[in-house]
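Where a number appears in this text, it was derived from the coordinates with a stated rule and is not lab data. No experiment lies behind these values; they were computed from the predicted model shown. All Cβ positions, even for glycine, are placed from backbone atoms using ideal geometry, and neighbour counts span all protein chains on display.
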Amino acid sequence: MAVPLLAVVTFALNPSDDIWSHLFDTVLVKYIRTTLTLMIGVGFGVFLIGTGTAWLVTMCRFPGRWIFNWALLLPLAVPAYVLAFVVTDQLEYAGTVQVVLRDVFGWQNRQDYWFPEIRSLGSAIVVMTLVLYPYVYLLARAAFLEQSVCVLEVSRTLGKSPWQSFHSVALPLARPAIVIGVILALMETVNDFGTVDYFAVNTFTFGIFDVWLNMNSRSGAAQLASILLLFVLVLVGAERWARRGQRFHHTSSKYSALPSYQLNGMRATGAIAACLIPVLLGFVLPAGVLASYALEFYEETLTANYFSYVINTLTLASVSAVLAVGIGVFLAYGVRLNGSPLLRLMTRFASIGYAVPGAILAIGIVIPLGAFDNFLDALSRQAFGISTGLLMSGTIIAIIYGYLARFLALSYGTVEASLAKITPNMDGAARTLGHGPGRSLVRLHLPLMRGSLMTAGLLVFVDCMKELPLTLILRPFNYETLATFVYQYASDELLEEAALGALTIVGAGVIPVILLSISIVRSRPGRAPDGPETPQ
Amino acid sequence: MSSLHVNNLSHSFDGHPIVKGVSVFVAPGEVVCLLGPSGCGKTTLLRVAAGLEVIQIGQVRIGETIVDDGATNLHVPPDQRGVGLMFQDYALFPHLTVRENIGFGIGADTPERQLWIDKAIEEMGLSGYANSYPHTLSGGQQQRVALLRALAPEPNVLFLDEPFSGLDVTRRSTVRTQTLDLLRDTGVATLLVTHDPEEAMFMADRILVMNHGHVVQDGTPVETYFEPANAFVADLFGPVNKLSGVVRNRSVETPLGTFAAPKLKEGQAAEVLIRQEGIRLAIHGERPQSRPGDAPCRPAPPLARAPEPDSETYRVISARPLGRASLVTFAIPGDGGHDIKIEARIPGVFLPPADSLVTIGVNANQSYVFATD
């Protein structure tokens, strides 16, 4: 799984044509500046919305709180590029909003009024913030729930107001979790291609595609990719560092019911608005617009093509999900049986993929697979006089490989966490009762992990459905998935016809959101511990 | 039925030696108990013998079969050595019923074994629970299921790791008796690990006391209690009073009397250990009480004027009721005018007021003299 990364770096360090200096002179500074601005903007935005709403729903009481509890997660189901298409569709000159404004105020044309430019860096920041804040919300909420209320109450008795307590106690205690949430959101920001491409924002990922497809320079793309990899490694390092800090944060083992500040009147209205706006803009609006388009244009869109895209998508996603879970179980159980440091290191490395943008992985896969195919082709021509052509590149094997490299971390992490809940004594019991490692896995571990395996598979499945940049680069010629189909049609201003496809992706994305919201409610310490699951 | 031989076993984790050259022998039908504080290496020894840890140095034999040999790197995996192991947390499989748990280790599901399971479930009072899942059972029931599961495949050797520590005190004695009866019935060689001396005394035919990776004493429960090999073993069975002295004329003189030390060298520095229950007390002027329950049932009022102790009497500092016994603390003169506090555990209620005077008697069976370095 580390092959793609090594390939990118090797290829970048041994450029076949020297475009380093050219890149540096022309676009590099621009890419760095844009990417950093985007990251800072999104980072700030997700922190503000994520932390704020998390605090409101965990610590305050206002009408509708229990709905917002899970509804605030919904935007997670919407890929950023889908929201970007919908936002542009609604806000551009011919879009609903400007049409209504012109009608109301009697404006005739563009010169009569000012309206912000939609396809801009600013819009990209807003769009990504709206779909990525749930990462921060999720982790901040969990962190607030984990905090001992006693600590907050001590702060109150020492004369601090609720707001001061939040600022001086709750926020610092939740800081590691919030930092991790922001970093995860930033990883997604760096990975994004659909949005920045549509808004013509010159980030690194945009640049990689540009250099590769338009300038037709593989090594240039690899070089950009390796610089982007540096960004990502900084993020990965920061995440590990933040997780280390998390250990010290259970200051008291006493938990009681969370206090709730009852909000009334204006304050309650404000709280509702603060929670409602992100949900409306991040989920209800795009889902609504897409649904209405899908209904309106179903005759044009519900065609054989649509079904073939769905089948392609389902095939890729389900094969990848099954493989990812299988390999995840294999690795996690291997580490459990034989905890050698080498194996641990390898699994660590294999699981970095999640942080690496799809574009980098795609390049890293194309290069070695292409080399492998050429090698095989040459060999076969020499030996048999037959050209094998390109066996691996441009097949769905390449895409599945890419998905696995990127999402293995997801399944491995889920399987590992689930396996860790089975005490080693269980293994010992099964072993002394005459079951070897293989039979123990089948009769003991797999049945116990069944629920988690389903979750892991589902998470990978949905992420594969959403994944755009990797699919775009690695797919075979004329092979469309829902994501690439939506991207291409929407880019050509044909959102209406792409609506059904986009809605399908969003619909699938809602499933893991529901799972997440169930598990987060269950995870609060201090709750009566759940008994072992009763098998049905 | 087979015996268990552990020869010269040494084991370390990350370079820290945990077990240092220990040998254990358990005959068929015998219950041998490894007793020691946590970290003394007893659980490690059990895990190596069961095959859950790969042996480093030493040899393990079950009957005539060598299952572990550090010299030849022989290691028979746990699933092939026919041992039963019951864990401290029972490790019942939560996704299987009581019956499925017990039957988990039975390879060929013969009618005889089915019959055995049915009978065992019945005898252990689990009849109503055969199809229940483990988490619906009480701690005691879970313990019995775990024991039956370990015994069901007819293991050559049975290992029990702190088998009763998960039970509350009131239930322990019943479960212990039941367990012991079952072990006697099956006649399996049993190695039990515990840190609870009372449990070890009750269960074991032989106790091996372990400390810092070594076996420090190997004997019957009665020997271990009444003839501890050193101060550590004596201390293990409850708090003791410690007095120091020097060997003169084959005995050690202390403020509480003279204690025989026939095996120690003349002039050797020595320590006298007296169990709390080895001291008898009587209020000054009465004879030392010989039968429990004779003592006054209510605390006497405090004395108006504290009398001065003489060479035969001692001043009471405090007396506290413990239920079945009373804990009386009194002072004896030590070096340089400092008093030494001595604690005595007296059966029944015996609560002399503070500053009253008592006379004492020491039971020679429960006081021991050891050389100090």
Charge sum, other residues only, whose C-beta stays under 12 Å from B:V24's C-beta, Lys/Arg counted +1 and Asp/Glu -1: +1
10 Å Cβ neighbours from other chains, averaged over peptide B:83-93: 5
From phi via Karplus (6.51, -1.76, 1.60), per-residue ³J(HN,Hα) for region B:49-58 in Hz, x at Gly/Pro: 5, 7, x, 7, 10, 7, 5, 9, 10, x
Residue-averaged beta-carbon neighbours from other chains (10 angstrom radius) around A:433-441: 5
Relative contact order of region A:29-295, pairs being alpha-carbon contacts under 8 Å that are 6 or more residues apart, as %: 35 percent
Degrees separating the helix B:139-151 axis from the principal Cα axis of chain B, which is the longest one: 50 degrees
Packing-based ranking, highest mean first, of B:165-175, A:446-456 given that Cβ atoms within 10 Å are counted: A:446-456, B:165-175
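Relative contact order for chain B: what percent, with Cα pairs under 8 Å and sequence separation of 6 or more? Kindly include the intermediate steps, with their values, before the conclusion.
Details: 788 pairs, mean separation 58.3, N = 373.
It rounds to 16 percent for chain B.
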A:S318-B:D205 FRET efficiency (beta carbon distance; Förster radius 51 Å; 0.05 resolution): 0.25
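What per residue convex hull volume, in Å³, do the alpha-carbon atoms of the protein assembly as shown yield?
Numbers: hull volume 260.7 nm³, N = 909.
Enclosed volume per residue, from the Cα hull, is 287 Å³.
Per residue of A:419-429, how many C-beta atoms from partner chains lie within 10 Å of its own C-beta, taken as a mean? Working shown, then result.
On the way: counts 0, 0, 0, 3, 3, 3, 10, 6, 3, 10, 17.
Whole-number average of other-chain Cβ neighbours for A:419-429 is 5.
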FRET efficiency, A:L343 to B:S38 (Cβ-Cβ, R0 35 Å, nearest 0.05): 0.70
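When Lys and Arg each count +1 and Asp and Glu each count -1, what net charge do the other residues less than 13 Å away from B:N365, Cβ to Cβ, add up to? List each step's numbers first, then the result.
Working: positive: B:R275, B:R280; negative: B:E223, B:E227, B:E277.
Residues near B:N365 contribute -1 overall.
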Computed helical MRE - 222 nm, chain B, DSSP H runs ≥ 4 contributing -39500 (n - 2.57), nearest 500: -6000 deg cm²/dmol
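At a Förster distance of 56 Å, what's the computed FRET efficiency of A:N305 paired with B:D181, Cβ-Cβ distance as r, to 0.05?
On the way: r = 75 Å, r/R0 = 1.35.
Computed FRET efficiency for A:N305 and B:D181: 0.15.
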Antiparallel DSSP beta bridges within the protein assembly as shown, percent to nearest 5: 75 percent
Region A:297-492 pair-distance distribution - Cα-Cα, 10 Å bins, rounded %: 9, 28, 27, 21, 12, 3, 0
Distance from region B:120-138 to region A:444-521 (C-alpha centre basis), Å: 46 Å
Kirkwood estimate for region B:1-150, i.e. one over the average of 1/r between Cα atoms, Å: 17.1 Å
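With an 8 Å cut-off on Cα pairs and a minimum separation of 6 or more residues, tell me the relative contact order of region A:356-471 in percent.
Numbers: 82 pairs, mean separation 39.6, N = 116.
Once divided by the residue count of region A:356-471, the mean separation gives 34 percent.
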Radius of gyration and Dmax over the Cα atoms of region B:59-212, both given in Å: 16.1, 50
Amide H within-cut-off set for B:D339, under 5 Å, with H built and near neighbours excluded: B:G334
Dmax and Rg, reported as Rg then Dmax, of chain B (C-alpha, Å): 25.5, 81
Candidates B:L180, B:L35, B:L148, ranked by Gaussian network fluctuation over chain B, Cα under 10 Å, top entry: B:L180
Where labels lie 7 Å past Cα in the beta-carbon direction, separation of B:T372 and A:E92 in nm: 9.3 nm
Cα-based Lys pair tally, the protein assembly as shown, threshold under 27 Å, eight or more apart or on separate chains: 7
